[in-house]
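The values are calculated or read from the model by the stated rules, or taken from the named source; none is laboratory data. Values in this document were obtained by computation on a predicted structure and should not be read as measured data. Cβ coordinates were reconstructed from backbone atoms using ideal geometry, including for glycine residues, and neighbour counts include every protein chain displayed. Accessible surface areas use protein heavy atoms only, side chains included; no ligands, DNA or RNA. Shrake-Rupley method; radii C 1.70, N 1.55, O 1.52, S 1.80 Å.
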Amino acid sequence: MITYGIYGYEITQAAELQGFKLIPRSQDHREIKKLAADRDHYHLTGFLEIDENQILDQRALIFDLQGILSFIDQKNVIITHPLRPHETYQALDSNYPLKITFLRRLSGSGSLILSDIFSPKSRKTSIEKALNKLKESDQNQGVFRSAFFKSIEPFRGSESFIDVNYYLLFSALESLSRYHLNDYDSKNTSTPISKFLKPYNFDISQDNVKNLAQSISTYTLLRNALFHNGKLECESNINGTHTKLTISEYYANLCMLVPLVMLKYIDFDDGHINWNSWLDRMPFK
């Protein structure tokens, strides 16, 4: 058995999965929530205990778990600092790092899944489903893996580059749509994306002239302007009326929509998620 520190993830209840356990540093929800929310430092909030007899590639597991835990809280999470043989998570050496201070944390749109104190099984289930989908992806061209990690890169990289982040999010959605439908021929990217999203019942369509935020064509036009012309804005012609579109106006919607799509794709729904939160900013029912 080998144990690593988890920094920045909100956890107050232990979760046992195949070959590893997630163990909270404290069950005091108020304390852990505050530590996990810190934008300036990564605080030790829990531990990852790996059964070396079951998990042969620890580095791969840690890499995927860092991504999944970051995805759940929409904040970057770090797993590092293995405990020495004589240490336990109840008795750490005085020099074991309780926080990481040399990296500033970026933040996404807010936690996607309720805290384990309010919904004890939700986070464990989502971790399990995401790990299974990543393993499945590794055997099938790796498209979901690529899309998943693109979806979390905006709050792991730099918030200064909205153009890069917008492109990553749109690319994640497009690649997953084209792969799922086996549609690599449609020249209008809005077509495969709208077909892909339709069964998930998001309040969005290929073209919605009454509400441009709910029109896939809006996001596609902005992606095209960015990719082909290096511009953060463009004009759309709707029934003869020219309307100015800007990435800054629609970026927040895309930031929330893409993670929700990822949750749908791994078949996770605990009954608490507000699937319209990409429009109304209310994450839970």
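With segment 181-285 as the region, which helices (runs of 4 or more DSSP H) entirely inside it contain at least 2 residues that are open to solvent by 80 Å² or more (accessible area, probe 1.4 Å)?
Filter on segment 181-285 gives 216-229, 247-265.
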Inset, instruction - Determine whether segment 159-167 contains at least one residue that is among the aromatic types (Phe, Trp, Tyr), open to solvent by 10 Å² or more (accessible area, probe 1.4 Å) and in contact (Cβ under 8 Å) with a residue 40 or more places away in the chain. - result: yes
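Residue-wise test of (1) more than 19 Å from Gly110 (Cα to Cα); (2) among the aromatic types (Phe, Trp, Tyr); (3) under 15 Å from the mean Cα position of the chain (by Cα).
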{"residue": "Lys135", "(1), (2), (3)": "yes, no, no"}
{"residue": "Asp138", "(1), (2), (3)": "yes, no, no"}
{"residue": "Gln141", "(1), (2), (3)": "yes, no, no"}
{"residue": "Phe148", "(1), (2), (3)": "no, yes, yes"}
{"residue": "Leu169", "(1), (2), (3)": "no, no, yes"}
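Hey, can you tell me all the residues within segment 56-68 that are open to solvent by 30 Å² or more (accessible area, probe 1.4 Å) and touching a residue at least 24 places away in the same chain (Cβ under 8 Å)?
Pass one, segment 56-68, residues open to solvent by 30 Å² or more (accessible area, probe 1.4 Å): 56-60, 63, 66.
Passing the criteria: only Gln58.
Of all residues in segment 74-102 being among the hydrophobic types (A, V, I, L, M, F, W, C) and open to solvent by less than 70 Å² (accessible area, probe 1.4 Å), which is farthest from His41 (Cα to Cα)? Reasoning before the result, please.
Filtering segment 74-102 down to residues among the hydrophobic types (A, V, I, L, M, F, W, C) leaves 77-79, 83, 91-92, 98, 100, 102.
Keeping just the survivors that are open to solvent by less than 70 Å² (accessible area, probe 1.4 Å) gives 77-79, 83, 91-92, 100.
Details: Val77: 11, Ile78: 11, Ile79: 14, Leu83: 20, Ala91: 22, Leu92: 20, Ile100: 6 Å.
Once the filter is applied, the top-ranked residue is Ala91.
Which of the residues that make up segment 2-44 are among the β-branched types (Val, Ile, Thr) and part of a loop (DSSP other than H, G, I, E, B)? If you could, list the steps in order and put the result at the bottom.
Going through segment 2-44, the residues among the β-branched types (Val, Ile, Thr) turn out to be 2-3, 6, 11-12, 23, 32.
Selection gives Ile11, Thr12.
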Inset, instruction - Considering every residue within segment 146-161, establish whether at least one is under 21 Å from Asn229 (Cα atoms) and at pLDDT below 90. - result: yes
